[in-house]
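Peer 1: There's a structure below that I have some questions on.
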Amino acid sequence: METVTVVVAPAPVAVTQQPPQHKLAELKPSSFAGVPKSSPATKAKPAKTKKLAGGCGGYVLEDVPHLTDYLPELKSYPNPLQDHPAYSVVKQYFVNPDDTVAKKIVVHKSGARGTHFRRAGPRQRVYFQPDEVTAAIVTCGGLCPGLNTVIRELVCGLHDMYGVATVYGIEGGYKGFYARNTVELTPRSVNDIHKRGGTVLGTSRGGQDTAKIVDSIQDRGVNQVYIIGGDGTQKGAASIHEEVQRRGLKCAVVGVPKTIDNDIAVIDKSFGFDTAVEEAQRAINAAHVEAESAENGVGVVKLMGRNSGFIAMYATLASRDVDCCLIPESPFYLDGRGGLLEFVEKRLRDNGHMVIVVAEGAGQDLIAKSMNFADTHDASGNKVLLDVGLWLSHKIKEHFKKKPSFPITLKYIDPTYMIRAVPSNASDNVYCTLLAHSALHGAMAGYTGFTVAPVNGRHAYIPFYRITEKQNKVVITDRMWARVLCSTNQPCFLTHQDVEGAGLDEEEPQMPLVEGENALVRNPSMCNGNGHLCSGAA
């Protein structure tokens, strides 16, 4: 693959008292003492520019930073995997440096080739020697099935594939960099942790002090940082990468995206999601048994889903026992013709029982209005949610109290935190292994400032800004949500204005192929008649 390199020059990185760059690759991790830490005189951050490359046919590569972008004289070394007996039988184990992954694979024949990301995987050349590496792993934010599996596979992968002996675990989230001691992680110490829920390193929300974190990284001689967490955590990782770059440190900062809600943009899905959906089935099954066993039985199940209803949607589709699914993306109303209460009454008259699945973020506006509740936020900046399950159960009971001849039995089940505290299932364990390996391959190859995840089934290195600019949400005008409505036979509860407001799954605009900041320059003379780059094009 040939590309036209982008005409976007990042601002010069200010580095004071830095050791000569040609010697930097030979230094031991503890040799960062000559690089200044944070001070009032060194607060300026490098300009945020996108690293883009373009080609004919509307091809755009959204590349990720590399250590040589600001340390151009770093030495590279042959990848030790070429001598690893386990990989000797693999044909073309190393990824072609020009391989990319398309963000969208369904395109019109006359459409542009669109946005691509750099393909993940091991490279022939690496920028770290095994005895030079001191790696650190941290988990932040809420719990999720698979956290321990990712930790285990990072440690074992670094040790078994690349011969890295020094890996530290940062306890208690971001604050642990400067408020806690590290724990040494070895293949032996992490051998069985994938069989447990939660994270052996502990976690926390908020409280990030980027300067103190990078001070700690510098003091401890860490040159590979693996940060596991959701979109808020990845924003913090982006800040850490910028500060590392500003100080001119040879340190790769890598993110592994984690959220049980599956609301991280661009990527296919987040790890732990399959386990969460599978675990949610237990609660739905229990609610169905309770409802079916009572006269006019109603089972209400509240599932996780703060801003996105993916768990509720997929659990509903998998169960086939759900009569109504309520998610944050789809407004609903209780009273009046076509409202939820009317539907509940009709379904009970028809079937004698029903199950309602509601995501925790659904109906928050309705609850806030009825309770005159003021918005509050947690340490991560997330809005504190009211209990929609209890509120909905109360409203249903109140409605049927007015109908003495129509008694109901309602059971409310809240497995919210239970579904994220379990060990990951087989599918997620495999997925976590691939994520961990892709992350460490990228770090060893000198890439930094990226998140690793599958895009259309292929693992890719994605710039931090891409996954933090917005949250992934259920598109209620999409076929998947229509499948849910067909499965439950529920009304959509939407007005014409709601549908118009939801819009369609918007196509992202193509990067402009014109001169300007963060834009591409296309040279028509570089293209031949077939739309490909001519030989010799840079």
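Peer 1: For Met161, tell me the accessible area in Å² from a 1.4 Å probe, rounded to the nearest 10.
Peer 2: Number for this one is 10 Å².
Peer 1: Given 25 °C and 0.890 mPa s, how large is the Stokes-Einstein diffusion coefficient of the range 392-477 in µm²/s, with Rh as the Kirkwood radius over Cα pairs?
Peer 2: 138 µm²/s
Peer 1: I've got another one for you. Leaving ligands, DNA and RNA out of it, rank Tyr226, Tyr314, Tyr87, Tyr417 by accessible area with a 1.4 Å probe, largest first.
Peer 2: Tyr417, Tyr314, Tyr87, Tyr226
Peer 1: Would you mind checking which residues have amide H under 5 Å from Glu329's amide H? H placed 1.01 Å from N; only 5 or more apart, or other chain.
Peer 2: Gly309
Peer 1: Going by accessible area, probe 1.4 Å, with all protein chains left in place, what is the ranking of Arg479, Arg246, Arg306, largest first?
Peer 2: Heavy-atom accessible area, descending, gives Arg479, Arg306, Arg246.
Peer 1: I'd like the distance between the alpha-carbon centres of the range 140-184 and the range 43-121, rounded to an integer number of Å.
Peer 2: The distance from the Cα centre of the range 140-184 to that of the range 43-121 comes to 25 Å.
Peer 1: Take Ser88 and Ala286, extend 7 Å from each Cα along the Cα→Cβ direction, and tell me the distance between the two endpoints in nm.
Peer 2: Reported label-point gap for Ser88 and Ala286 is 5.3 nm.
Peer 1: Could you compute how much accessible surface Tyr93 exposes when probed at 1.4 Å, giving the result in Å² to the nearest 10?
Peer 2: Around 50 Å² of this residue is reachable by solvent.
Peer 1: Which lysines, if any, have their Cα less than 19 Å from the Cα of Lys235, not counting same-chain residues under 8 positions apart?
Peer 2: Output for Lys235: Lys43, Lys45, Lys48, Lys50, Lys51, Lys175, Lys212, Lys258, Lys269, Lys383, Lys470, Lys473.
Peer 1: Enumerate the amide H contacts of Val355 below 5 Å, restricted to partners 5 or more residues apart or on another chain; note that Pro and chain-start residues carry no placed amide H.
Peer 2: Amide H neighbours of Val355: Gly299, Asp323, Cys324.
Peer 1: Given the convex hull over the Cα atoms of the range 281-422, what projected area results after averaging over all orientations, in nm²?
Peer 2: The number I arrive at for the range 281-422 is 8.9 nm².
Peer 1: Sequence-distant or interchain residues sharing an amide H contact under 5 Å with Ala460, placed H: which?
Peer 2: Hits under the 5 Å cutoff: Ala120, Ala453, Val455.
Peer 1: Heavy atoms only, 1.4 Å probe, whole protein assembly: order His394, His437, His66 by accessible area, highest first.
Peer 2: From most accessible down to least: His394, His437, His66.
The values are calculated or read from the model by the stated rules, or taken from the named source; none is laboratory data. Because the structure is a prediction, the values reported are computed rather than measured. Every residue, glycine as well, gets a Cβ built from its backbone with ideal geometry; the counts of neighbours run over all protein chains shown. For the accessible areas, the whole protein counts, side chains as well, though only heavy atoms, and no ligand, DNA or RNA atoms are used. Shrake-Rupley method; radii C 1.70, N 1.55, O 1.52, S 1.80 Å.
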